[in-house]
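Bear in mind that the values in this text are calculations on the coordinates, not laboratory data. What you see is a predicted model; the values in this text were computed from it and never measured. Here the Cβ positions follow ideal geometry from the backbone for every residue, glycine too, while neighbour counts run over all protein chains shown.
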Amino acid sequence: MASETEMQMVQRHAREGAAILLRQTAIVAGLEKAGNDATMAEILLESFEAIQDEHIAHLARITERDRKLK
């Protein structure tokens with residue numbers, strides 16, 4: 001998305017990451033409810049959570065940077 005600013009991109013990443021976490025959490029719950037092994041889905045969820053932490057940290061950094069520039 002070439003027309004978006006850095007802030008818009010990072011906000012989008014954080015939004016999309018949150019949606020991915022919700023979907024993966026639902027997948028894990030569905031597997032467990034059905035009595036299936038959710039180990040791999042849980043590992044993937046942990047990876048998504050770590051990535052989301054990075055998105056949030058990036059958002060905090062550029063928010064602070066932009067605040068200082070004003």
Filter region 1-55 for residues that are hydrophobic (A, V, I, L, M, F, W, C) and part of a loop (DSSP other than H, G, I, E, B); the one that is nearest to the chain's Cα centre (by Cα) is M1
Note on H55: of the conditions (1) in contact (Cβ under 8 Å) with a residue 40 or more places away in the chain; (2) touching a Leu at 6+ places or on another chain (Cβ under 9 Å), unmet is (2)
Within region 4-32, the count of residues that are over 13 Å from L44 (Cα atoms), free of Cβ contacts under 8 Å to residues at least 24 places away in the same chain, β-branched (V, I, T) and surrounded by 15 or more Cβ atoms within 10 Å (Cβ to Cβ) comes to 0
